[in-house]
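K.L.:
Below: one structure in structure tokens.
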Amino acid sequence: MKPRARIPADDLLADDSGTTLVEFAIVLPIFLLLFLGTIDFGRFGAEYMMAQKAMQLAARTAAVRPAACAGVPTVNLRGATPAGTTPPRFGTVCSAAATVCVNPGTISCAGNVSNPTVAEIWGAVSPILPNGATPANLLFRYDYDPDLGFLGGPYVPIVTVEIQNLNFQFATPLGALALVAGSGPTSLGAAISFPPMSNSLPAEDLAQGEAG
């Protein structure tokens, strides 16, 4: 048997065949991480902007519709009249004194489509909210403002619609790619909560009180 020729050590050190494949295997996870991360964070930005538009539309609708929450008064009732004073007459603006109108405080609730106002708003905003959103992710709040309304007239609160408990789901395995790329264990790619976003408007009041 003919002895196998030995390859000189210098030739082995100079042999670079296969290095391109190794370099490709190192760079590929980093490239995919950047590429897919750009796509997913772009999706997050787009969904955030659409959710803001949804809140604007929801607040505009809620401001001109019956309350989405139970317990919101429909008229401004007379507050407790201090002893020895004459009760304010109907039509007196609520801001005239602290006791002119009853302050019902803040009333809030999560969206429920059994309420006609919520059902209307949900039908309008659901197509532009992120996947997985439900009516319960909408929080409706009605805040008393003494500068709005008059005694005996329609109750005119500040209406706020807010997104609550809504998460963004990544579509790509960013965490696994980051691990392969050598960054170690990471929460990258896990669901993240949308930052608070809301829109507020005064409810519509076409009556004019003493000026009417």
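The values are calculated or read from the model by the stated rules, or taken from the named source; none is laboratory data. Here the structure is a predicted model, which is why all the values come from computation and not from measurement. Note that we place each Cβ from the backbone using ideal geometry, even for glycine, and neighbour counts take in every protein chain shown. Accessible surface areas use protein heavy atoms only, side chains included; no ligands, DNA or RNA. Shrake-Rupley method; radii C 1.70, N 1.55, O 1.52, S 1.80 Å.
K.L.:
Calculate the spin-label point distance for Gln52 paired with Ser126, positioning each point 7 Å from the Cα along the beta-carbon direction, and give it in nanometres.
P.N.:
Computed distance between label sites Ser126 and Gln52 equals 2.6 nm.
K.L.:
To the nearest 10 Å², what's Glu23's accessible area with a 1.4 Å probe?
P.N.:
For Glu23, solvent-accessible area is about 110 Å².
K.L.:
Let me ask something additional. With the Cα gyration tensor of region 87-132 in hand, give its eigenvalues times 5 under a square root as the equivalent ellipsoid semi-axes, listed largest first in whole angstrom.
P.N.:
38, 11, 10
K.L.:
Leaving ligands, DNA and RNA out of it, work out the accessible area of Ser114 with a 1.4 Å probe and give it in Å² to the nearest 10.
P.N.:
Rounded to the nearest 10, that gives 100 Å².
K.L.:
Rounded, prolate or oblate: which fits region 52-168, taking a ≥ b ≥ c as square roots of the Cα gyration tensor eigenvalues, rounded meaning a/c under 1.5, else prolate when a/b beats b/c?
P.N.:
Verdict is prolate for region 52-168.
K.L.:
Hey, for a label at Thr81 modelled as a point 7 Å past Cα toward Cβ, could you say which residues of region 101-119 have their backbone N under 19 Å away?
P.N.:
Residues 101-103 fall inside that zone.
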